[in-house]
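*Asks:* Below are the structure tokens for one structure; questions will follow.
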Amino acid sequence: MDDRLIDDAALSTARKSQLPGAGFFYPDSLDDEYAERRTREAVADAETVVVADRDADGLACAALVRAARDAAVDAAAAEDALASRLTDEEDGTDDSLPDSAVALVGAGPYNLGETLDRVARFAPAGVETFVCDLCPDDDADVAESLSALVERAGSVRWFDHHQWDEAVAASVRSAGVDLVVGESDEECSADVTLRSLDGDFSAHLRDLVAVTRDHDLWLKEDPRSDDLADYAHWADDEAYLAVVGEHGPDLPETVQDYLAERRVEKQALVDAAVDRATTHEVGPWTVATTYGRCSQNEAAEALREAGADAAVVVKPAGSASLRGSETFERCHEVAALVNGGGHPKASGCKPEIYDDMLDYAAHWTSEGRAARRVILAAFERVAERVEESEGGDEAEPGETAGTNENVAGDASADGDGADGERENAAEA
């Protein structure tokens with residue numbers, strides 16, 4: 001395939017909005033090969049390994065572990081590289097960052113078991129290991145790899161704030177893991193990490209945790225939280241860790257200039273998604289659905305401001321983000337019906353409706369029509385439960401979070417076929 005066909009730089013904003021990024025078009029076999037090589041190189045000489053989600057919350061956890069182990073990396077090289085990029089100048093210097101004794105291995109909910117297995121195979125015996133900002137949907141997804149990791153490592157500690165199924169949590173703990181789970185509507189995973197680690201953390205790192213919480217819980221009280229979210233999404237993980245480890249949430253001027261430049265296109269992609277949104281009355285709620293490669297948080301916020309109780313952003317890679325509001329705190333219940341999960345006001349899912357590339361082609365050209373219908377069917381199922389509970393004891397939000405029920409058939413049965421996409425996990 002011609003590289004130009006998947007080169008973002010060659011696409012108009014409109015086309016880019018409708019298509020997934022270049023990584024989507026690489027086969028899983030190549031991804032696996034690259035992930036194995038990258039993990040082997042990252043952990044080979046590590047004293048500590050952090051397996052974390054690669055969003056701002058997961059990366060903040062890694063920054064705290066590095067600070068606690070006195071293994072932070074100087075940010076100068078990352079800032080110099082960014083300055084060169086902004087001016088289109090190449091000064092011939094080596095912009096690579098030095099290695100840290102605390103290695104970061106990125107993971108997502110769909111590849112957590114494979115990632116833990118790689119760490120177990122390649123990390124030194126007795127290595128200290130942390131798992132942060134990740135929650136398995138089923139203990140079977142991680143049981144074998146976690147057992148191997150516990151046997152290999154000196155210790156395994158797990159810090160998270162998602163809503164855990166009690167049986168899954170019990171299984172993880174019984175494997176020999178020190179699991180600490182915070183209240184999902186009060187703490188982010190960085191909060192849990194901060195209070196669980198021994199160490200006298202500096203004021204700028206405590207501030208980093210507070211601002212990360214502001215973003216991750218969608219409090220929107222600190223403007224710096226958008227900066228962290230965007231920089232975590234666009235920057236190399238090691239550059240992000242170096243910069244926030246040194247500066248906290250007060251990002252340096254070079255980073256601010258970089259964010260301003262990137263946000264021009266970001267806003268155009270958000271606008272494109274908002275323009276193609278449709279609204280639906282489901283039970284007592286107004287649900288807005290849209291499609292596009294964009295910042296799901298900003299798109300959802302715009303849809304809520306327009307009157308939606310809940311917003312669904314279906315992505316070209318096949319997954320979807322669900323965002324709630326004060327009037328809808330059941331996103332995790334909806335997501336649990338569509339191969340996903342998360343929090344009452346923020347969840348993600350990936351409908352199991354994609355069988356081949358023709359399904360994906362239909363997904364792109366129809367702006368996610370089948371996926372939208374699947375997710376709306378899940379909203380309708382939750383609305384039915386709420387209606388049935390009236391006059392009795394209503395199910396608490398989260399009661400259905402562990403269900404294996406899937407509503408994909410509700411949409412595919414009416415003739416639209418299946419679409420699909422593989423999510424690139426950390427879309428801002």
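The values are calculated or read from the model by the stated rules, or taken from the named source; none is laboratory data. The structure displayed is predicted, hence computed values, not measured ones. Cβ placement follows ideal geometry from the backbone for every residue including glycine, while neighbour counts extend to all protein chains displayed.
*Asks:* Which one is farthest from the chain's Cα centre (by Cα), of the residues in segment 184-198 that are outside any helix (DSSP H, G or I) and under 19 Å from Ala71 (Cβ atoms)? Before you say what the answer is, go through the steps one by one.
*Replies:* At the first step, the residues of segment 184-198 found to be outside any helix (DSSP H, G or I) are 184-188, 197-198.
From what's left, under 19 Å from Ala71 (Cβ atoms): 197-198.
Details: Leu197: 23, Asp198: 27 Å.
Checking each candidate, the answer is Asp198.
*Asks:* May I pose another question? Can you find a residue that is modelled with pLDDT under 95 and surrounded by 14 or more Cβ atoms within 10 Å (Cβ to Cβ) anywhere in segment 45-53?
*Replies:* No, that holds for no residue.
*Asks:* Here's another thing I want to ask about it. Search segment 1-15 for residues that are assigned by TED's automatic domain parsing to the domain that holds Pro316 and pair each with any residue that is outside any helix (DSSP H, G or I) and of a type in the set (Gly, Ala, Ser) when their beta-carbon atoms are under 7 Å apart and the residues are at least 6 apart or on different chains.
*Replies:* none
*Asks:* For segment 15-23, does any single residue satisfy the condition of being surrounded by 15 or more Cβ atoms within 10 Å (Cβ to Cβ), among the aliphatic types (A, V, I, L, M) and outside any strand (DSSP E or B)?
*Replies:* Yes, segment 15-23 has at least one match.
*Asks:* Could you list all residues from segment 25-53 that are without any contact (Cβ under 8 Å) to a residue 12 or more places away in the chain and part of a loop (DSSP other than H, G, I, E, B)?
*Replies:* Tyr26, Pro27
*Asks:* Here's something else I'd like to know. Can you pull out the residues in segment 325-356 that are surrounded by fewer than 24 Cβ atoms within 10 Å (Cβ to Cβ) and of a type in the set (Phe, Trp, Tyr)?
*Replies:* Tyr354
*Asks:* In the list Ala83, Ala76, Ala22, Ala56, which residue meets the criterion of being free of Cβ contacts under 8 Å to residues at least 60 places away in the same chain and in contact with a helix residue (DSSP H, G or I) (Cβ under 6 Å, 6 or more places away or on another chain)? Walk me through it before giving the result.
*Replies:* Details: Ala83 fails: free of Cβ contacts under 8 Å to residues at least 60 places away in the same chain; Ala76 fails: in contact with a helix residue (DSSP H, G or I) (Cβ under 6 Å, 6 or more places away or on another chain); Ala56 fails: free of Cβ contacts under 8 Å to residues at least 60 places away in the same chain.
Of Ala83, Ala76, Ala22, Ala56, the one residue that is free of Cβ contacts under 8 Å to residues at least 60 places away in the same chain and in contact with a helix residue (DSSP H, G or I) (Cβ under 6 Å, 6 or more places away or on another chain) is Ala22.
*Asks:* While we're looking at this one, here's another question. Just to be sure before I move on: is Leu322 surrounded by 18 or more Cβ atoms within 10 Å (Cβ to Cβ), closer than 12 Å to Thr289 by Cβ, touching a Ser or Thr at 6+ places or on another chain (Cβ under 8 Å) and touching a residue at least 24 places away in the same chain (Cβ under 8 Å) in the structure I sent? Even if it seems obvious, please write down each step before you answer.
*Replies:* Working: surrounded by 18 or more Cβ atoms within 10 Å (Cβ to Cβ): yes; closer than 12 Å to Thr289 by Cβ: yes; touching a Ser or Thr at 6+ places or on another chain (Cβ under 8 Å): yes; touching a residue at least 24 places away in the same chain (Cβ under 8 Å): yes.
So Leu322 passes the test.
*Asks:* Which of (1) modelled with pLDDT of 50 or more; (2) of a type outside the set (S, T, N, Q); (3) within 20 Å of Gly283 (Cα to Cα) does Pro351 not meet, given it meets every other one?
*Replies:* (3)
*Asks:* Of all residues being under 19 Å from Gly341 (Cα atoms) and in a strand (DSSP E or B) in segment 143-178, which is nearest to the chain's Cα centre (by Cα)? Just the residue, please.
*Replies:* Asp160
*Asks:* Quick one: Thr286 ticks every box in (1) assigned to a helix (DSSP H, G or I); (2) in the same structural domain as Ala306 (by TED's automatic domain parsing) except a single one, so which number is it?
*Replies:* Condition not satisfied by Thr286: (1).
*Asks:* For Ser174, state whether it is hydroxyl-bearing (Ser, Thr, Tyr) and either surrounded by 17 or more Cβ atoms within 10 Å (Cβ to Cβ) or closer than 30 Å to Arg262 by Cβ (or both).
*Replies:* Numbers: hydroxyl-bearing (Ser, Thr, Tyr): yes; either surrounded by 17 or more Cβ atoms within 10 Å (Cβ to Cβ) or closer than 30 Å to Arg262 by Cβ (or both): no.
The answer is no for Ser174.
*Asks:* Among the residues of segment 115-134, which ones are under 18 Å from the mean Cα position of the chain (by Cα) and either assigned to a strand (DSSP E or B) or at pLDDT below 95 (or both)? Before you say what the answer is, go through the steps one by one.
*Replies:* Keep residues of segment 115-134 that are under 18 Å from the mean Cα position of the chain (by Cα), which gives 115-116, 130-134.
Of everything in segment 115-134, those that are under 18 Å from the mean Cα position of the chain (by Cα) and either assigned to a strand (DSSP E or B) or at pLDDT below 95 (or both) turn out to be Phe130, Val131, Cys132.
*Asks:* Can you find, within segment 276-301, the residue that is surrounded by the fewest Cβ atoms within 10 Å (Cβ to Cβ) among those that are within 22 Å of Leu19 (Cα to Cα) and of a type in the set (A, V, I, L, M)?
*Replies:* Across segment 276-301, the extreme among qualifying residues is Ala277.
*Asks:* Only residues that are of a type in the set (A, V, I, L, M, F, W, C) and in contact with a helix residue (DSSP H, G or I) (Cβ under 6 Å, 6 or more places away or on another chain): list them for segment 25-39, please.
*Replies:* Correct list: Phe25 only.
*Asks:* Of His363, His343, which residue is touching a residue at least 60 places away in the same chain (Cβ under 8 Å) and not assigned by TED's automatic domain parsing to the domain that holds Asp138? Before you say what the answer is, go through the steps one by one.
*Replies:* Numbers: His363 fails: touching a residue at least 60 places away in the same chain (Cβ under 8 Å).
Going through His363, His343 in turn, just one is touching a residue at least 60 places away in the same chain (Cβ under 8 Å) and not assigned by TED's automatic domain parsing to the domain that holds Asp138: His343.
*Asks:* Would you pick out the residues in segment 302-314 that are farther than 16 Å from Asp271 by Cβ and crowded, with 24+ Cβ neighbours inside 10 Å?
*Replies:* Ala308, Ala310, Val312, Val314
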